[in-house]
Each structure stands twice: as C-alpha cells, then as structure tokens.
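Below is one structure, written out as structure tokens, with a few remarks after it.
The values are calculated or read from the model by the stated rules, or taken from the named source; none is laboratory data. Since the structure is predicted, the reported quantities are computational estimates derived from the model, not experimental observations. All Cβ positions, even for glycine, are placed from backbone atoms using ideal geometry, and neighbour counts span all protein chains on display.
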Amino acid sequence: MTDLETIVSDAKAAFGATTTPADLENAKALFLGKSGRITELMKGMAQLSVDEKKSRGAAINLSKQAIEAALSDRRQALADAELQKQLKAEALDVSLPGRQRAQGGLHPVSLTLERIEAIFGSMGFDVAQGPEIETDWFNFTALNTPEDHPARSMHDTFYVEGGTQAAPNLLRTHTSPMQIRYAVQHVKKHRALIDAGKSNEGAFTGSMPEIRVIAPGRTYRVDSDATHSPMFHQCEGLWIGENVSFKDLKFVFTDFCRTFFESDDLVLRFRPSFFPFTEPSAEIDIQFSSGPLAGKWLEVAGSGQVHPNVVRNMGLDPEKYIGFAFGMGPDRLTMLRYGVNDLRLFFDGDIRFLSQFQN
Ligand code: PHE
C-alpha cells in the first residue's frame, strides 16, 4: 500500500469508528486539519521538482477527495442514524385504541326532577324556581302555620342571619312557600294586564287564568338518618282556579304516578292527614302490584285543598278561588324507582354509585 492509500484507509477507519458528529469533526482534523496528515504531505511538496510536484500533487488531491467523500458519507450516516433514533423515540402507534373522554351524566335525583317536570309540563303545569333562604312569612306565616307550630322550632329548622328577631330568615323547610310566591306574582301580572285591558282569559271564565305550577328544589331540615338528609328535595304542585277540586288532585296525581313509574295498575290511597295550609289534607300513598315492593303502601306526598287563609295570602278571594296543592319527595321517588334503600348514597358523591343511573 502506498503512503497515500494508507492515509485514505486510516481516515475511512477513523471516520467509521466515530458515533457522534463531534467525534467525526475531531477525526477529520487528524487528516484535513491544519496539521493533519494530508496537510503535512502538502507542506512536504515544497522540496520537490516541478514535475514531481505535478504528479505528487495530483495524487494527494485524489486522496484528499477520497477522504472528503468518506467524511461526507459518514456525516450523512450519522445524521440518518440520529434521525432514525428520534423517529423511534417519538413514534406514534396509530394502531393503539384512542383515549376516551369520560362521559358525564345527570345525578339520579336530577333525572327524576326532569321526569317530573316533563310529566307535569305535559299536563300544562308551569315550572318555577324559588329561593332556598326564605323569610318566616313565606315559609310559615303566609302558609297559615301558627306561631307555636312544632315545625317552627329550633330542632326542626335551620335559622340563618337576616330578618327580625320575631321573624328570622331560614333555610326553607319545604317548597310550599313557592305556592305563595308564584301565586302572588301570577295575580300581580294578570291584575296589571286586566287593568291595561290586555287580559286574555282563554278558557278560564274568571277574571284571571288558572294557576298551575310545580316548584321543584332543595329543602332543609334538622334531620339525618337512612331515610332523612338535612338537605333533601321537594316538588310542590299547585292548581288554583274557580272549580278545581279534590277530584282533580286525585286524577292529576294518579296520572302522574302511573306515568312516572310506568305502571298502569299502580294504586293510590289518600289518607286523611293534617297540614296548616290545607283543609282537608291527605297523605298520598302508592302501592305497586308487582315487583319487590308489591303490596306495600308507600308514602310519596302530602296534599290537600288549599286553606282559605292561604288563598287570601295569595291575594285572591277564597270565596271565588279554590284549588289543591301537593308536596312530594323526589329523593324518595328516585329510591322507589331504582330500588335504592339508603338516601345518603345520593349525597355521598361516589361515582361508582352515581354512574349506574345513566340511561
Ligand atoms: N309542605 C308539606 C311538607 O313539607 C307537604 C305539603 C305540600 C302538604 C302541599 C300539603 C300541600 O310536608
């Protein structure tokens, strides 16, 4: 091997042994750098004759080109290897299954409330929302609840700041205050329309359209066990007109229960009871004819004909206007519908429990 052939083969071997671009540049310096082996040979040509210079120069140049070619091949190879490494590290396996976004859903009690609203909506009932912090007036006094009624005691009611000593504010103990709030608004609105000569009485023969509303929402009592929670839900119902009777209550509530539970042979019982704001009053019980609860009477609502004092507090003449009200427990309806026996499960927020109700 000539000295030039040796240098070229040494250069190829040195380049081939490098694994990084920096190593390669260092190896390059050994051959093509200022004191590299090729450069040294060039310097050595000074002593040669003109003819020798020509042939030796050409030979050195060929070797230099061969080394430069080897260098650029190695550069390319290292760059390719680097790219391959990077591609491998960042590889996407497009055959992997996609990540799924967890699907949220409504709380079982919300599903019940939606169902209640849909069913009563189909019977022409409006849906109203009211405040959870109430005044003594709307929660008790306007509802004909006497000063010494046990429901007003500290044991049963969460009193909060505001109001007066004699009439403190409180977390509403039922949705019944909405009877008064809604009726008062309704009366005000239609009085104004009548006064402005714009009343549209429709089928109602009186001076004002009927009041037909449900008011679902949260309610609060000092109570806590498997079937009572300090916060629970109620849904009020109110229908006031000139000719609304207990018979309508029976019809509406029976129709509601049968639709809600999807059971035509479900039976209802109106058991005499007492509420200060209704007279007569009844507790409504239902009985299933089949399923795990078949044959048992289950209480689902309080109800009654709206007391004349309450009608008066609505701003209406009890001699002319009459109707019924009911208050049911959506939590209890949810328990019955899905066969849940502990109310607290609804409020623990355990996703394993709650996710079972998605439909
Ligand atoms: N507010 C009553 C309760 O909380 C239920 C009820 C509502 C009774 C309307 C009669 C009429 O128990």
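Of note:
- The set of residues in the range 322-345 being surrounded by 22 or more Cβ atoms within 10 Å (Cβ to Cβ) and more than 16 Å from the ligand (Cβ to nearest atom) consists of Thr334 alone.
- Selected residue (criterion: modelled with the highest pLDDT) from residues of the range 146-184 that are over 17 Å from Phe326 (Cβ atoms), surrounded by 15 or more Cβ atoms within 10 Å (Cβ to Cβ) and polar (S, T, N, Q): Asn169
- Selection status of Ala294, in the same structural domain as Arg181 (by TED's automatic domain parsing), of a type in the set (A, V, I, L, M) and either surrounded by 15 or more Cβ atoms within 10 Å (Cβ to Cβ) or in contact (Cβ under 8 Å) with a residue 40 or more places away in the chain (or both): no
- Residue pairs meeting the criteria (Cβ under 7 Å; at least 6 apart or on separate chains; first within 18 Å of Asp3 (Cα to Cα), in the range 21-40; second aromatic (Phe, Trp, Tyr) and crowded, with 16+ Cβ neighbours inside 10 Å): Arg37/Phe31; Ile38/Phe31
- Residue check, Val310 farther than 30 Å from Gln358 by Cα, in the same structural domain as Asp223 (by TED's automatic domain parsing) and either in contact with a Leu (Cβ under 6 Å, 6 or more places away or on another chain) or surrounded by 20 or more Cβ atoms within 10 Å (Cβ to Cβ) (or both): yes
- Qualifying residue in the range 119-126 (condition: out of contact with any helix residue (DSSP H, G or I) (no Cβ under 6 Å at 6 or more places or on another chain), hydroxyl-bearing (Ser, Thr, Tyr) and more than 30 Å from Arg352 (Cα to Cα)): yes
- Whichever residue in the range 141-183 is within 16 Å of the ligand (Cβ to nearest atom) and β-branched (Val, Ile, Thr) and, among such residues, is nearest to the chain's Cα centre (by Cα): Thr175
- Looking across the range 276-318, the residues that are hydroxyl-bearing (Ser, Thr, Tyr) and within 16 Å of the ligand (Cβ to nearest atom) come down to Thr278, Ser281, Ser303.
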